[in-house]
Amino acid sequence: MKKRAVWFGMPMRHTTQTFGASQLTYLAERPLEIGCQARLKLFLDNPPAAVYCYASVSECQAREDKFDITLQYTRLQEDDRDLLIRAALHIQQKLLRQRALQRNESQS
């Protein structure tokens with residue numbers, strides 16, 4: 001899933017590290033101030049959809065030479081929240097299938 005933010009008038013693209021129905025985390029080159037507002041465009045793979053919402057920075061943690069930025073949604077349509085839940089469930093199911101296959105392969 002991609003996220004766009006604006007830095008001095010320039011849109012930026014990031015790939016999320018984690019996401020759910022209430023927040024997302026992504027890796028950034030620059031830190032953001034806690035409480036900073038952001039307008040987001042989230043592009044989901046499954047189900048294929050775009051979600052437009054607003055969020056605020058709730059955490060900014062340094063990681064080596066980058067920053068983990070956590071955004072909590074402040075304005076999100078209920079239908080869009082449902083899309084995010086379905087997308088998160090799809091990813092979880094995919095991971096569980098992969099783990100089950102790995103377990104079966106290691107037992108063989």
**OP:** Could you check how much of the accessible area of the chain is carbon and sulfur, as a whole percent, using a 1.4 Å probe?
**Re:** 49
Original post:
Which three semi-axes in whole Å describe the equivalent ellipsoid of the stretch 47-108, each the square root of 5 times a Cα gyration tensor eigenvalue, listed largest first?
Top reply: 31, 21, 8
**OP:** Quick one: which residues, 5+ away or cross-chain, put their amide H under 5 Å from the amide H of ALA49? H built at 1.01 Å from N.
**Re:** LEU44
Subject >> Only Lys, Arg (+1) and Asp, Glu (-1) charged, at Cβ; the stretch 6-82 dipole about Cα centre in debye >> reply: 220
**OP:** Would you mind telling me which residue in TYR26, TYR52, TYR73 has the biggest mean-square fluctuation in a Gaussian network model of the chain, where springs connect alpha carbons within a distance under 10 angstrom?
**Re:** TYR52
Original post:
Rounded to the nearest 10 Å², what accessible area does LEU96 show when all protein chains are kept and the probe is 1.4 Å?
Top reply: 110
Original post:
GNM on the chain, C-alpha springs below 10 Å: top fluctuator among ARG86, ARG30, ARG63?
Top reply: ARG63
Subject >> Lys/Arg +1, Asp/Glu -1 at C-beta; the chain dipole; positive extreme among THR16, ASN46, PRO31 >> reply: ASN46
Subject >> Helical contribution to [θ] at 222 nm, DSSP H n ≥ 4, -39,500 (n - 2.57), averaged over the chain, rounded to 500 >> reply: -10000 deg cm²/dmol
Original post:
Per residue, what accessible area does the stretch 27-96 have, given a 1.4 Å probe and all protein chains present, in Å²?
Top reply: 66
Subject >> Folded to 0 to 90 degrees: helix 78-107 orientation relative to the chain principal axis, Cα >> reply: 40
Subject >> Against the rule of thumb 2.2 N^0.38 Å, how large the Cα Rg of the chain comes out >> reply: 1.21
**OP:** State the answer as a single residue: which of GLN102, ILE69, LEU83 lies farthest towards the positive end of the charge dipole of the stretch 41-108, with beta carbon charges of +1 for Lys and Arg and -1 for Asp and Glu, about the Cα centre.
**Re:** GLN102
Original post:
Which of these, ARG39, ARG97, ARG13, has the largest mean-square fluctuation under a Gaussian network model of the chain (Cα springs below 10 Å)?
Top reply: ARG97
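The values are calculated or read from the model by the stated rules, or taken from the named source; none is laboratory data. Being a predicted model, the structure only gives us computed values, none of them experimental. Heads up, the Cβs are rebuilt from the backbone with ideal geometry, glycines too, and the neighbour counts pull from every protein chain shown. These accessible areas exclude ligands, DNA and RNA; they are computed on the full protein's heavy atoms, side chains included. Shrake-Rupley method; radii C 1.70, N 1.55, O 1.52, S 1.80 Å.
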